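Below is one structure, written out as structure tokens; comments come after it.
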Amino acid sequence: MTTSIWLYAGFTAFVLAMLALDLGVFHRKAHVVRGKEAGMWVAIWMGMSLLFATALLFWRGTETALLFLTGYLIEQSLSADNIFVIVMIFSYFSIPEKYQHRVLFWGILGALLMRGVFIGMGTWLIQKIEWIMYVFGAFLIFTGVKMALRHDEEFDAEQNLVMRTARRFLRVTSEYDGTRFFTVQSGRYVATPLLLVLLLVEFTDLVFAVDSIPAIFAVTTDPFLVYTSNVFAILGLRSMYFLLAGIVHRFVYLKYGLSVILVFVGAKMIADKFVHVPIPVSTGFIIVTLGISIAASLLHPPRPEHVADESHAKTGSIFGTVPPSARKQHDGE
């Protein structure tokens, strides 16, 4: 399915305009994003996604709209693990709550750029290498199994390659200067902790893009649908973080649901030439799997005696545990 370059340009211009409105008007002054405000923005971004799907329904038909919604749902579900990691990063650096939105805003801009590059590369590979879909499928199955088997680990940002590289080449102060990423001390420009956090957030999204982009290609190889479903999911990630940060540690079984989804889309990608899975079936399977994993986490949480270290909550993430400070930070919101 070919799409005019002007549609990409128009869609991107709309997204940039919405981001400019977000930062320049609604979040011009740094403030703590409470649950009510976050919930409102989650509803706005999801509402826009549904309106876009409706537009696709009348423009290109039911199948295209379902392909977009399935890709959006996959990306949105996989972003849950992204929230786990952001919680840990902000907690590790003790980022003041009123500065967190600014970090996530610029992180989103970087994520949009990286996703665009990844989607372009993926599209080119699919067009040039016939068997690349089997590689993508095998990688997704491997990632899904690895996610299910791997246990929580302690998060230590100082051991991260990005962190070590940044500290090696940048002068970094331990003091914040509002929402600035750089400040001046003794006549020299130095990086603030916010810049280190931004770099880690960008690196985190890079890691997740390696999984999520091939997963959406399992649903559709139309680059316009892959791009738009990715963008809408990323735009809602910031608000989703502020809405779920305080309770995300309760979703202990979510990683198993995500692993099942990854294995499913990977197997679908490999077997597509032999077994056709209708889009409504794929969408329904993803919704049911997510629903079961979330319901199990909330209704049947593991008993305390089954948790090795009660001072750190089991996130279900392959990236680490959530320390108490991260949970207390959002208590009462």
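Structure data summary
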read-out	value
Solvent accessible area, Å² - K268, 1.4 Å probe, full protein context	20 Å²
Charge-dipole axis of the chain as Lys and Arg at +1 and Asp and Glu at -1 on Cβ define it, positive-most pick from V32, T143, G236	V32
Dipole magnitude (debye, nearest 20) for the range 208-304, charges at Cβ of Lys, Arg, Asp, Glu	320 debye
From the C-alpha gyration tensor of the range 2-128, square roots of 5λ in Å	29, 18, 16
Of G266, L298, S94, farthest towards positive along the dipole that unit charges on Lys, Arg, Asp, Glu beta carbons give the chain	S94
Low-density loop positions, GluC sites (Glu not before Pro), the range 140-210 - DSSP coil, at most 16 other Cβ in 10 Å	E153, E154, E175
Local electrostatic count, L109, Cβ distance below 13 Å [Lys/Arg +1, Asp/Glu -1]	0
Structure-based [θ]222 nm, the chain - -39500 (n - 2.57) summed over DSSP H runs of at least 4, per residue, nearest 500	-23000 deg cm²/dmol
Rounded percent of accessible protein surface that carbon and sulfur make up, the chain, 1.4 Å probe	67 percent
Positive-end residue, the chain charge dipole about Cα centroid, Cβ charges, pick of F203, Q76, A218	F203
The chain, dipole about Cα centre (Lys/Arg Cβ +1, Asp/Glu Cβ -1), debye to the nearest 20	500 debye
Candidates A55, A245, A138: whichever shows maximal mean-square fluctuation once the chain is modelled as a Gaussian network with Cα springs under 10 Å	A55
Compactness index (Cα Rg / 2.2 N^0.38 Å), the range 246-302	1.32
Answer label, with Rg/Rh (Cα atoms, Kirkwood Rh) calculated from the coordinates and candidates [x] 0.96; [y] 0.98; [z] 1.06	[x]
F182 long-range amide H proximity, modeled H, under 5 Å	T192
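The values are calculated or read from the model by the stated rules, or taken from the named source; none is laboratory data. Please read all numbers here as calculations on a predicted model, not as lab measurements. Note that we place each Cβ from the backbone using ideal geometry, even for glycine, and neighbour counts take in every protein chain shown. These area figures cover heavy atoms from the full protein model, side chains too; ligands, DNA and RNA do not enter into them. Shrake-Rupley method; radii C 1.70, N 1.55, O 1.52, S 1.80 Å.
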